[in-house]
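Report on the following structure.
The values are calculated or read from the model by the stated rules, or taken from the named source; none is laboratory data. Worth saying up front: this structure is predicted, and the values here are computed from it rather than measured. With ideal geometry, Cβ positions are generated from the backbone for all residues, glycine too; neighbour counts draw on all protein chains shown.
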Amino acid sequence: MNQGKCINNISFLKDKPVAGKRIPGKLILLFSSLVLGLCLTLPAESSPLIQVKIVEQEESIGIGATGPYQIEDSEGRVGSFPFSPSLKVMQATPSGIKIDGVTWGKKIFVKPQGSDSLVLIGTLRGKRRYRGSITVEQEDNYLRVINQLPLEEYLYGVIKWEISPNSPMDSLYAQAIAARTYAFKKIEEPSYQEQLHHLSATVNDQVYGGFESEDPRVQEAVDMTGGKVITYQGDLINAFYHSCCGGHTVSSKDVWGGEDFPYLRVGPDKFCEKSPHYYWEWEIRRSELRRILFEKGFPAGIIYRLRVVSRAQNLSFTEGGRVTGLFWEHQGGKSPGQPMTGKEFRELINKWFGTDKLRSALFDVVKLYSREGISYFLFQGRGSGHGVGMCQWGAKGMAEQGYSSEEILQFYYPETRIEKRYW
Ligand SMILES: [Zn+2]
């Protein structure tokens, strides 16, 4: 990608007259070979730009900046605005996006003026500052907001959500390199290039909170590892990571199906034992579980038993085998038709409660018991998250024991290399 950019720059030099004069052909050739030589030998120029979806499905949002800013729409209209402590309201209307009673096009670009100025976005969840520029796009009655900024500055706003900034520096370096690899792969992935954004700001990708989520130690970790990514046989890896594996990492195939990747470690991990979720317990009322299953389209009478019928790699619960098959026996038979995977069951439960109740698919249904006349299913589990790739609590544990960021990454992503792709 970066080589391509350099070559484009050369053809730009060839075609365009500079200050009214044509550059002599030989000079172009000499200059071109110099530039081409540099492109092939140096890692590349600067941080690539990334587009992150930060807001969607909002009928209106507040917009502003910490200094003067410019608004431009898809039809070429431009407006300049001075700093104001109050945000302007952008509203989706049938004729376009309305700002202060004036209707603009259905796509608006907001650019702060001045290098240290930040864009402000207000929603019902509060007001946040963002580096880079913003695109607001209307789709039907809703607005979607995309933040465009250099990948390195995006990482400043990511790491704190993924790992505590107070973790040892080597675990922060490892996290920065993994998060950069994950995002850089999204930029380079051909299937994402046609979309308006590369990734979203939620747990579906990497949690990103803009400028409010930055931290000096995180910034240092990003700067110290600038441009470094993880590769396997020259290609960027799928740098999956999760909070705590509970003692055993799992293959991506056992969690999501499809392809397996040789560079993702599958095996025991003792480094994450200090995680508060290394062991956990959770209980649910039998009647509530029945209701959840019923509402999700699974007919269920009174449930007598929840039974784990298969686990990843045929490992037991204590060996770290995640649930790959789960049945429940109830008044009226056995459900579902096909065993549900631990991942599916976990998603069903967590979506219902809107929070991470069942922390991982590494669980066991210990018993059905009664307390004050109410029946409960008691679950015991280990770890938090999907268990694929780097275990963040494990990375922290390794760094506390003196392992370097390279050793941490080598442990969780074996046979890989760390390469500097730009700067
Ligand atoms: Zn672990």
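Screening Asp254 against (1) within 16 Å of the ligand (Cβ to nearest atom); (2) crowded, with 18+ Cβ neighbours inside 10 Å; (3) at pLDDT 95 or above leaves a single unmet condition, (3). Quick one: in the stretch 326-345, of everything that is small (Gly, Ala, Ser) and within 19 Å of Leu358 (Cβ to Cβ), which residue is surrounded by the most Cβ atoms within 10 Å (Cβ to Cβ)? Per the stated criteria, the residue is Gly342.
Just so you know, in the stretch 99-124 the residues that are among the charged types (D, E, K, R) and surrounded by 14 or more Cβ atoms within 10 Å (Cβ to Cβ) include one that is farthest from Phe211 (Cα to Cα), and it is Lys106.
Could you tell me whether Ser370 is small (Gly, Ala, Ser) and in the same structural domain as Phe240 (by TED's automatic domain parsing)? So that I can check it myself, show each step before the final result.
Numbers: small (Gly, Ala, Ser): yes; in the same structural domain as Phe240 (by TED's automatic domain parsing): no.
For Ser370, the condition - small (Gly, Ala, Ser) and in the same structural domain as Phe240 (by TED's automatic domain parsing) - is not met.
Say we look at the stretch 358-369 and pick out the residues that are of a type outside the set (A, V, I, L, M, F, W, C) and at pLDDT 95 or above; which of these is nearest to Cys245 (Cα to Cα)? For the stretch 358-369, the residue satisfying everything is Ser360. Pairs meeting the criteria (first residue in the stretch 238-250 and more than 16 Å from Ile408 (Cα to Cα), second residue among the charged types (D, E, K, R) and near the ligand (Cβ under 10 Å from one of its atoms), beta carbons under 9 Å, at least 6 apart or on different chains) are Gly246/Asp269; Gly246/Arg382. Scanning the stretch 266-292 for residues that are more than 10 Å from the ligand (Cβ to nearest atom), surrounded by 15 or more Cβ atoms within 10 Å (Cβ to Cβ) and part of a loop (DSSP other than H, G, I, E, B) yields a count of 2. Here Glu400 passes the criteria (1) surrounded by fewer than 24 Cβ atoms within 10 Å (Cβ to Cβ); (2) at pLDDT below 95 except the one numbered (2). Quick one: is Phe345 more than 16 Å from the ligand (Cβ to nearest atom), touching a strand residue (DSSP E or B) at 6+ places or on another chain (Cβ under 6 Å) and part of a helix (DSSP H, G or I)? Taking the combined requirement at face value, the residue satisfies it.
Pull up the stretch 404-420, narrow it to residues that are surrounded by fewer than 20 Cβ atoms within 10 Å (Cβ to Cβ) and in contact (Cβ under 8 Å) with a residue 24 or more places away in the chain, then point me to the one that is farthest from the ligand (Cβ to nearest atom). Across the stretch 404-420, the extreme among qualifying residues is Lys420.
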